[in-house]
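The values are calculated or read from the model by the stated rules, or taken from the named source; none is laboratory data. No experiment lies behind these values; they were computed from the predicted model shown. Note: ideal-geometry Cβ built from the backbone for every residue, glycine included; neighbour counts use all protein chains shown.
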Amino acid sequence: MKGYSYLAISIIAEVFGTAMLKLSDGFTAFLPSLGVVGGYGLAFYCLSLCLRTIPLSLAYAIWSGAGTAIIALIGYIFWNEAFGMLKVTGFLLIIGGIIVLNASDQTVQREKSSI
């Protein structure tokens, strides 16, 4: 469970860093630029900690998929970016892919433990 806590912190930090990237205006605004560096630094640090207990393929799929979905929602809410059925379909496919990866990893672990 500790690995998923680190993964959640990593996702939040990555989303924060990405939002600050938009506000940094090409790294010309100091505080948002500092937020980018801090957010991504914390994100990668926590991602590396979560990899102690979560397989890389699953952790990266959750990290990138959740980050993409959350930042798209933030873009829609704060910057009036487009958000239509095609994006919703893409998010559902991402979520489905994460579920399949998680299920396949659990199947492999069960097979290894029964040997």
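None of LEU34, LEU23 is over 28 Å from SER104 (Cα atoms), modelled with pLDDT of 95 or more and out of contact with any helix residue (DSSP H, G or I) (no Cβ under 6 Å at 6 or more places or on another chain) except LEU34. Cβ-Cβ distances below 8 Å connect the following pairs, each with a first residue in the range 1-28 that is farther than 25 Å from PRO55 by Cβ, a second residue that is of a type in the set (Gly, Ala, Ser) and modelled with pLDDT under 95, and a separation of six or more residues or different chains: LYS22/GLY75.
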